[in-house]
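The values are calculated or read from the model by the stated rules, or taken from the named source; none is laboratory data. In this text, all values refer to a predicted model and were calculated from it rather than measured experimentally. Reconstructed Cβ throughout: ideal geometry from the backbone, glycine too, with neighbour counts over all protein chains shown. The area values use the complete protein model at the heavy-atom level, side chains included, leaving out ligands, DNA and RNA. Shrake-Rupley method; radii C 1.70, N 1.55, O 1.52, S 1.80 Å.
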Amino acid sequence: MRNQLFAAICWTLLSQILFSCNDVEIVSMTSPDSTVRSTVWKDGMEYRISASKNDFTYIENGNLGISIQDMENLYRSIKSVKGPFPKQELVAEKGISDSVVINWNEYLLNFSEGERIEIRIFDQGIAYRYRVDKESASNHILGEKSSWMIPARTRVWYFERNNHWKLKSYAGEWLSTTIEQLTADSERGSVQGKPLVFEFENGTYGLLAESGLFNYSGMRYEVLPGNMLKANFYENEKGFTLEGNVSSPWRLAFVADDLTQLVNLQSIVTSLNPEADTELFADRSWIKPGRSVWSWWSNSTGTPEIQKQMVDYAKELDFEYVLIDADWELWRNKWDSLADICQYGKDSDVKTWVWKHSNELNFSRDDYVVMQNFMDSLVQVGVAGIKVDFMNGEDKTLIDFDEAVLRHAAKRKLLVNFHGIQTATGEVKRYPNELTREGIRGLELNVHSEGPITASHNAALPFTRFVLGHGDYTPLTFTAVGETTWAHQLATLVLFTSPLQVIAENPEILLKHPAVKDALPLIRQIPTVWDETVVLSGSKIGELAIMARRKGDDWYIGVLNGGERKSVEIDLTTIGTSYENAVLYRDAPTRIPNPISRNFNSRNQHYSEMITPFVMENIQISDNKLLVDVGENGGAVLVLTDKSQVLNN
């Protein structure tokens, strides 16, 4: 009897590690804590997948498979399943936390033609990717069958921009509707960009996205009848060609119990990317986060003399960088002028970034030799970073170009900032020299004909776009605030994360105007990378974002209101700390004429004639709770630090 029992146990354990028969009809998988379950089952000639957490099915049904030219029988027959293999990784990339331990169970589904699906089951959901090893030098991808059926009556957050730029630059406004109404309510039709964020009826949150976008085309989502979302690509039926074996990006379907879990999914997105090249990044001392002054937003690029003045402003603000944007190449003796600025900045410990249009670099011949030559020139004159703009898409050739920029820049110890690009998918793990990228509707819109940005968009961003990684929103203005307030603008410094934080407003205003002098200590000391992030009670996507971020022993709490005036209770017990004294930046009770003249900035299309200023005050906190009155579309910043008492000195 004991031998029979022992044999039964061994067979059960063995079957979890390796199933093999004719066709595997069903595969059941679980997360390390057993709360997330996923099932793959055969349906005719195809396989489907579902996922649940705590018995709530958040992906009800979805197809699996990839189509490759001249390979007709892919993903039709599972021959063996290996797993679960418990895995763990420490993610320590600069961003919203100093380090996070990620755990998952890994499964490998082997199909009859040698193709595979790798599946990772996390306590926060599932991720899978397709692998096809083929001896030919290239493979032509015709598309994917990947799809995800969303539960009825789910609210979905998506970005919208009612012109052809929507899926080129990912700079749309974040809005919400029900999954049933997504196509009808979206002015640009049935294809949506990533990520999509869900509010399920049971009170949890969901995320659809991709991770590890290299040597592939960027995925979007086509909305189909029956609450189905299907993988879509820019090339459509034409497809795209991959060099070497096929390894798709990871397809993510995550679920979060609360908004803190949702925000911190960023660490898992990052973990799914390949490791950085150990030789290319053996020395990372040159990769330094920081703040940058930027004249383009307020007064364009101007002359070399103006940019040297920007260096002076950066030094006075204790900023690390100056960003020289478009039109610097129109200068007479541009390289000599740029070298002079770089040397001038070096003497003040301020490093220089410069802008370049992608069309002048995107020539793949000889491994992008034109790009390499330009980067060599940048290094020769002392430039620290390059801002590459206007990729305007995510087809396979553009994804290859993006990686070429990062790779060749890293070889020369150049930092990278992408604009006019798709959203982040965790690339920073493989290329830590990428300090930021756009793929976001940022403050540039407030000097653009489509602007200004709405407060509700800002209140949605921490729970939507920023879940996938850093974003170059270029925060902070006092002159073109739209419907927001000055305190709301200050709070964006806390809630919008970017290791390179490019500040939009004219630095002369920040340094010299008496109306905003009390904000200067905060602007000078605000970190750009964080050790811990917690979402506080009362937050609701698009309506109210209350987030606490820690750097060392200091906490910064930001509040972004996307609606009517309200009283917000900040409970410090949530972050496990206690402070009696703090500095509070809050909305003033009334609107006033803007004390900052329109004439400070030449790019003043959306200059705010009336504004709600901020009030800064040293306060005492009793019982670890604070009640803050937040104005309509307003905000607040609470600084908890041993230095709080002297912030205004």
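Summary table below
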read-out: Neighbourhood charge, 11 Å Cβ-Cβ cut-off, centred on THR204 and excluding it, Lys, Arg +1 and Asp, Glu -1; value: -3
read-out: ³J(HN,Hα), Karplus 6.51/-1.76/1.60, whole Hz, each residue of the range 438-452, x for Gly, Pro; value: 7, x, 7, 7, x, 6, 3, 5, 7, 10, 10, 4, 7, x, x
read-out: The range 432-511 - percent of accessible surface contributed by carbon and sulfur, probe 1.4 Å; value: 42
read-out: Shape parameters for the chain, alpha-carbon atoms, Rg then Dmax in Å; value: 25.4, 92
read-out: Straight-distance crosslink candidates among lysines, where the alpha carbon sits under 18 Å from LYS42 and sequence neighbours closer than 8 are dropped; value: LYS79, LYS82, LYS145
read-out: Amide H contacts of ARG291 (H built 1.01 Å from N, under 5 Å, at least 5 apart or other chain); value: GLU320, TYR321, GLN501
read-out: Mean-position separation - Cα centroids, the range 339-361 and the range 420-454, in angstrom; value: 20
read-out: Between the range 368-383 and the range 19-91, the alpha-carbon center distance in angstrom; value: 46
read-out: Computed P(r) (all Cα pairs; the range 170-235; 10 Å bins; percent); value: 18, 53, 26, 3
read-out: Accessible-area composition of the range 542-635, carbon plus sulfur, in percent [1.4 Å probe]; value: 42
read-out: Pair-distance profile P(r), taking every C-alpha pair of the range 115-195, with 10 angstrom steps and integer %; value: 14, 32, 31, 20, 4
read-out: Length-normalised contact order of the chain in % [C-alpha pairs under 8 Å, at least 6 apart]; value: 12
read-out: Too-long pairs where the Cα-Cα distance tops 25 Å, listed order kept, from LYS308/LYS356; LYS94/LYS308; LYS308/LYS517; LYS87/LYS194; LYS396/LYS429; LYS334/LYS356; value: LYS94/LYS308; LYS87/LYS194
read-out: Charge tally in the Cβ shell below 15 Å around ALA276, where Lys, Arg are +1 and Asp, Glu are -1, ALA276 excluded; value: -2
read-out: Two-decimal Rg/Rh across the range 366-454, once Rg and the Kirkwood Rh are taken from alpha-carbon atoms; value: 1.01
read-out: Within-14-Å neighbourhood charge of MET219 [Cβ basis; K, R +1; D, E -1]; value: +1
read-out: From phi via Karplus (6.51, -1.76, 1.60), per-residue ³J(HN,Hα) for the range 247-262 in Hz, x at Gly/Pro; value: 9, 6, x, 6, 9, 9, 9, 10, 9, 10, 6, 8, 6, 4, 4, 4
read-out: Area accessible to solvent at ASP553, 1.4 Å probe radius, in Å²; value: 120
read-out: Whole-Hz couplings from phi, Karplus 6.51/-1.76/1.60, listed for the range 609-620; x for Gly and Pro; value: 5, 10, 9, 9, x, 9, 10, 9, 8, 7, 10, 10
read-out: Heavy-atom surface of the chain, accessible at 1.4 Å and reported per residue (Å²); value: 38
read-out: Stokes-Einstein D (µm²/s) once Rh is taken as the Kirkwood radius of the range 21-171 over alpha-carbon pairs, at 10 °C in 1.306 mPa s; value: 90
read-out: The range 255-317-the range 470-505 distance, computed between alpha-carbon centres (Å); value: 14
